[in-house]
Amino acid sequence: MVSAQDNSQLSSGGFVLSLDLELMWGVYGTHSIASYGQNILGARQAVPAMLDLFEAQGISATWACVGLLMFENRAALRAALPYRRPQFSNARDDSYAFVDAVGPDEASDPYHFGLSLVREIADRPHQELATHTFSHFYCLEDQLDVPAFAADIDAAIAAFEPVNVRPRSIVFPRNQVTRDALAVCAARGIDVYRGPGPFRMDRPAGRAQQSTWRRGMRLANSYVPLCGPAVVDVAHEGDVINIPASRFLRPFSGGAMAPARMHIGLIKREMAQAARQNRMFHLWFHPHNFGTCTDENLALLAEIITFWRSLHDRFGWPSRTMAQAADAARNTATQMPGAA
Ligand SMILES: [Zn+2]
């Protein structure tokens, strides 16, 4: 019989948590500092609290950071901008349109600069720093400009120099992933990505394809499992490993707690199923989702993590970063009979 500890070594499953750290750079498509600035400031408070929680409970998490926020000041940011930039038909998709408006440094402009947060993540145990592209680049809003995307990823990798990290994993903004974009990343050693969720309405799509039906289905499916359980498996896709998302952790934003309780209940049931079957449950969200009702959202996250601990103790179901999940899948593949 396999003990809980052995089980965790052999399985490529586990609880994967990924967070997209982007400050204002990820929300210009729908928000401004006036409408969303408080959430961004709240997110800055939530990040250290999440790190404390992860450290206390032994959680490994992946933090996918937008490169534009990883600078000391405006001069350093401007010096690092790629020469070739994407041309989007919708001006709000173009982060570079907002670069001229940034303040001198992080102290004066906490909406755009967040290198201190990245340093704090790098200093904590078991946390992976990954890229969310340099400019929050959208690969499906217009025809992908491959050289511009390659320049973006080169700039994203260079932005990690202050923390001395070479990123291995990527989260594509709006989960807009294409084969060409994956090839650009793999050629630069970034060969792990967060794929879209398991349901039809999760398939990668540009804004034009995001119908009301699709959004409504996604919302309803957060509370009741309309499309089956969001338990997933690592997928080997040539040189690249896909760590598919299971669910977006929908934040509590005030009002009645009952919907949030339904959502958390569904997540816990699916985690339990994944643990019993040695499969994966991959939860993701943005720190800025915790920017309001921060205490309530941290309490809900703590409840999920406490539940993970009970599953870990019972089934040996590990907590893994995206890169760790990919390594475990590669190791499992090489140990299979007939593997090279
Ligand atoms: Zn994003």
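Once the range 199-220 is narrowed to residues that are assigned to a loop (DSSP other than H, G, I, E, B), free of Cβ contacts under 8 Å to residues at least 60 places away in the same chain and within 28 Å of residue 150 (Cα to Cα), the residue that is farthest from the ligand (Cβ to nearest atom) is 203. Taken over the range 284-294, residues that are within 16 Å of the ligand (Cβ to nearest atom) and either assigned to a helix (DSSP H, G or I) or aromatic (Phe, Trp, Tyr) (or both) amount to 6. When the residues of the range 68-90 are narrowed to those that are among the small types (Gly, Ala, Ser) and exposed (fewer than 13 other Cβ atoms within 10 Å of the Cβ), which ends up farthest from residue 162 (Cα to Cα)? Result: 89.
Scoring residue 166 on the criteria (1) assigned to a loop (DSSP other than H, G, I, E, B); (2) under 23 Å from residue 89 (Cα atoms); (3) modelled with pLDDT of 95 or more leaves a single failure, condition (2). Filtering the range 115-137 to residues that are of a type in the set (D, E, K, R) and over 14 Å from the mean Cα position of the chain (by Cα) leaves 119, 120, 123, 124. Residue count for the range 164-181 under the criterion of being out of contact with any strand residue (DSSP E or B) (no Cβ under 6 Å at 6 or more places or on another chain) and within 12 Å of residue 130 (Cα to Cα): the result is 2. So how many residues does the range 152-162 have that are among the small types (Gly, Ala, Ser) and within 16 Å of the ligand (Cβ to nearest atom)? Going through the range 152-162 one residue at a time, the tally reaches 2. Looking at this structure, is residue 259 within 16 Å of the ligand (Cβ to nearest atom) and modelled with pLDDT of 90 or more? Against the criterion (within 16 Å of the ligand (Cβ to nearest atom) and modelled with pLDDT of 90 or more), residue 259 does not qualify.
The single condition among (1) part of a loop (DSSP other than H, G, I, E, B); (2) closer than 20 Å to residue 328 by Cα that residue 236 does not satisfy is (1). Of the residues making up the range 162-178, those that are among the charged types (D, E, K, R) and within 14 Å of residue 191 (Cβ to Cβ) are 166, 168.
Considered as a group, the residues in the range 10-33 that are among the small types (Gly, Ala, Ser), touching a strand residue (DSSP E or B) at 6+ places or on another chain (Cβ under 7 Å) and more than 10 Å from the ligand (Cβ to nearest atom) include one that is farthest from residue 288 (Cα to Cα), and that residue is 13.
For residue 105, the requirement of being in contact with a helix residue (DSSP H, G or I) (Cβ under 9 Å, 6 or more places away or on another chain), acidic (Asp, Glu) and more than 16 Å from the ligand (Cβ to nearest atom) is met.
With respect to (1) under 30 Å from residue 312 (Cα atoms); (2) in contact with a Leu (Cβ under 9 Å, 6 or more places away or on another chain), the lone exception for residue 126 is condition (2).
Conditions (1) over 18 Å from the mean Cα position of the chain (by Cα); (2) of a type outside the set (Phe, Trp, Tyr), marked per residue:
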{"residue": "36", "(1), (2)": "yes, no"}
{"residue": "41", "(1), (2)": "yes, yes"}
{"residue": "49", "(1), (2)": "no, yes"}
{"residue": "56", "(1), (2)": "yes, yes"}
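Taking the criterion of being surrounded by fewer than 22 Cβ atoms within 10 Å (Cβ to Cβ) and not in a helix (DSSP H, G or I), the residues of the range 253-283 that qualify are 253, 254, 255, 256, 257, 277, 278, 279. A single entry from 165, 231, 177, 192 fulfils the requirement of being more than 16 Å from the ligand (Cβ to nearest atom), touching a Phe, Trp or Tyr at 6+ places or on another chain (Cβ under 7 Å) and closer than 28 Å to residue 324 by Cβ: 231. For the condition within 11 Å of residue 240 (Cα to Cα), of a type in the set (A, V, I, L, M) and crowded, with 22+ Cβ neighbours inside 10 Å, residue 171 does not qualify. The set of residues in the range 284-340 that are surrounded by 15 or more Cβ atoms within 10 Å (Cβ to Cβ), closer than 20 Å to residue 246 by Cα and β-branched (Val, Ile, Thr) comprises 304, 305, 321. The listed residues are 149, 172, and the only one of them that is away from the ligand (no atom under 15 Å from the Cβ) and aromatic (Phe, Trp, Tyr) turns out to be 149. Looking at 52, 109, 93, 123, which is the one that is out of contact with any strand residue (DSSP E or B) (no Cβ under 9 Å at 6 or more places or on another chain) and at pLDDT below 95? On inspection, the qualifying residue turns out to be 93.
The values are calculated or read from the model by the stated rules, or taken from the named source; none is laboratory data. This is a predicted model, so every value here is computed, not measured. Here Cβ is always computed from backbone atoms with ideal geometry, including for glycine, and neighbour counts include all displayed protein chains.
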